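The values are calculated or read from the model by the stated rules, or taken from the named source; none is laboratory data. Everything numeric here is computed off the predicted structure, so don't read it as measured data. Cβ sites come from the backbone with ideal geometry, for glycine too, and all protein chains shown count toward neighbours. Quick note on the areas: whole protein, heavy atoms, side chains included, nothing else; ligands and nucleic acids left out. Shrake-Rupley method; radii C 1.70, N 1.55, O 1.52, S 1.80 Å.
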Amino acid sequence: MRRPFLLSLGALSLALGCASSPSSSLPPLTDRTGGGTRSSSAGLESSGQPLAFQVKRYPDNSPYDLKSDRGQVVLLDVWATWCEPCKDALPMYGQLQKEYGAKGLKVYALNVDEDVRAIPPFLEEAKVEVPVLLDANALVSERLLKVRLMPTTFLIDRKGVIRHVHEGFAEEFLQQFQTEIEQLLAEPAS
């Protein structure tokens, strides 16, 4: 059963996404004419191939391999500390983890900051409760995932295939995320 999220509209930034930062190496968003958000990116969700990458966990730098979560549905959010909408999105993803974790959802926040010292104050201010992964030099985000806007959220099925991509963040995404997560959780693992 879907439970509504309690949102403070005053706290929810209606800025839909951050295209770039002076210190970021991510490319700028090329299309902001459609309202600033899109629900797909570079056709990644249609490739049908399982996604594979390895990064480090924050703060201990232990290895993380996406393949270790096969059989689970994964919400992977690519974010940066300079991204204002990320402050609103990441706590909401923590709520999704609490609601759907027992059913097989794993949520990760993949950070692209060059300086990891900016991460702790951001996590404390935004009250982030999901595991943080480090994307050194934004190699996974730029080359593999083709991220163009912060935050970008990927919903990955139990087989490791990207099924949904959401660029930016807005309140109306949450209901769509719930619907997509429930559909992916209902699918068999094999």
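What the table below lists for this structure:
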| read-out | value |
| --- | --- |
| Qualifying residue in the stretch 149-169 (condition: open to solvent by 10 Å² or more (accessible area, probe 1.4 Å) and modelled with pLDDT under 95) | no |
| Verdict on LYS87 being among the basic types (Lys, Arg), farther than 30 Å from ALA186 by Cβ and either touching a helix residue (DSSP H, G or I) at 6+ places or on another chain (Cβ under 7 Å) or open to solvent by less than 60 Å² (accessible area, probe 1.4 Å) (or both) | yes |
| Meets criteria (open to solvent by 10 Å² or more (accessible area, probe 1.4 Å), in contact with a strand residue (DSSP E or B) (Cβ under 8 Å, 6 or more places away or on another chain) and modelled with pLDDT under 95) for SER47 | yes |
| Hey, GLY168 under 12 Å from the mean Cα position of the chain (by Cα) and over 24 Å from ARG70 (Cβ atoms) or not | yes |
| Answer residue from the stretch 119-148, given it is surrounded by 15 or more Cβ atoms within 10 Å (Cβ to Cβ) and assigned to a helix (DSSP H, G or I) and is nearest to the chain's Cα centre (by Cα) among those | SER141 |
